1. Give the calculated FRET efficiency between residue A:131 and residue A:171 to the nearest 0.05, with a Förster radius of 41 Å applied to their Cβ-Cβ distance.
2. For segment A:135-246, rounded, prolate or oblate, judged on the Cα gyration tensor with a ≥ b ≥ c (square roots of eigenvalues), a/c < 1.5 rounded, else prolate if a/b > b/c?
3. For a quick size check, give me the Cα extents of segment B:231-299 along its three principal axes, largest first, whole Å.
4. Would you tell me the mean number of C-beta atoms belonging to other protein chains that fall within 10 Å of each C-beta in B:63-75, as a whole number?
5. Over segment A:3-243, what is the mean sequence separation of C-alpha contacts under 8 Å (at least six apart), divided by residue count, expressed as relative contact order in percent?
6. Evaluate the relative contact order of segment A:46-132 (contact order divided by residue number), counting alpha-carbon pairs under 8 angstrom at least 6 apart; express in whole percent.
7. Given labels modelled 7 Å from the Cα in the Cβ direction, how far is it in nm from residue B:110 to residue B:312?
8. Can you tell me the relative contact order of segment B:3-220? Whole percent, Cα pairs under 8 Å, sequence separation 6 or more.
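Where a number appears in this text, it was derived from the coordinates with a stated rule and is not lab data. Remember, predicted model here, so these are calculated numbers, not experimental data. Positions of Cβ are generated from backbone atoms using ideal geometry, with glycine treated the same way; all protein chains shown enter the neighbour counts.
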Ligand SMILES: Nc1ncnc2c1ncn2[C@@H]1O[C@H](COP(=O)(O)OP(=O)(O)O)[C@@H](O)[C@H]1O
Ligand SMILES: [Mg+2]
């Protein structure tokens, strides 16, 4: 693993977001939607509490749509345009390519999160929030975005079609959220052993994200997201290797 | 110099399809090997395995002594590759793209700038460096592809149909570039344009259905043509049956072919029985009979004919 080469791949990928309208469209929609959700649906002012919980509560739902849109091009486009043949015949390892591209997308979502700082400013003007909790919320949200992106990266490796990559990763991401939802768990609870039920719910992004965004940065939640990312990136590398011939 | 590319028993299966079926060869410095073959012969698949993009079902590839599977980074560092269709990141400019390729290959700073400048001058890209690649013409896109392949001055250069889809001037330009680089590199290129073989290759290999059918210099391939050394002549004012018979008696002659007539101008072709030159014998026969010959020439054999004969045996010329 050569950090220098990961950096070169990372920079090219990140620059490609800004060479096309993708970056601006993504950022604008992310900021608009996260604002709209927080103020209208989340009752930010009505709650009369100085925190960003309603803001973070909507992130999983926002990500289900937006992250697959960001991730869908990661590998599908390389395969469709044939540049994958160029990239993988240069002296880089598969791991470097997968990580470099993933990190670019992840940093881009980090940038989107940073650009929501007016939200943080507002809540600090209106009251005296616990900024530690807010920071934890940001960290949790970014980790969750990484998880979604790793899933999206894998689905993008599956197909040359960005549309298929988008739809499939949105569905898989949704499954990862819903597996923690009471409604879904109820559906399983009638006929599934309790142990499997708790495994299903422990796989949910929601369970882990919610505990982080309440301000509890538990090591287990960190490990969960990091290992999730590692797992899906590993799967990405294997899939690319299997599918690159097509 | 030694063998820069060594390929042993290369095979690739795609499910039930055997795309490449036991290909072995090696290429030395200074050689330009032309891969010929009909569409679907397995040329691209072979190149994809040689460059380490595809994993072979069986067989080994060594680039400058480094096995492409065991030691991919060392092998790939010594390779330049122009894939079919010259793919490139369309939303980048050639300047940014070449910088990326150079950085991936480990060049930085002044060294990187120097290599980019040299390469850009070599392939004449200077005028379009700051335009996105998607807006470039086909010829320029191909040059971008060539530029990324030779940026690091690799000892081994592999190009999949480098002149496909270019106009005659652009083709000429790409061929000149390849010839100029040939001396200190080992080059493999695929093509289905046979004139290209004469223009650039020192060696040609015909592949069909995944197998190497023949391998030799372009001249050696031409000699396999039944037409090679045949003598074609046209004459007037004589009885065609007599001529046919007399030509058949020429020492060393094989078949005599009647090529038809325009008015009383009759054309014949005399094939040598064993590929040897028979033009002296044929002219002696003409002199002895006192025929009025209007045309007389020796055929050299055409690559495309050998190509057709070897790749579609059933429809071969006689
Ligand atoms: N990814 C693939 N999956 C299945 N078959 C393939 C694949 N790539 C190539 N082939 C088949 O392998 C054979 C050789 O193809 P190719 O190497 O592209 O030929 P060429 O470059 O000589 O035209 C063809 O029959 C082609 O259909
Ligand atoms: Mg081909």
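1. The formula returns an efficiency of 0.70 here.
2. Judged from the Cα gyration tensor, segment A:135-246 comes out oblate (a/c at least 1.5, b/c at or above a/b).
3. Extents along the principal axes: 33, 22, 19 Å.
4. Partner Cβ neighbours, averaged per residue: 1.
5. Rounded, it is 26 percent for segment A:3-243.
6. 57 percent
7. It is 5.9 nm.
8. Relative contact order for segment B:3-220 comes out at 31 percent.
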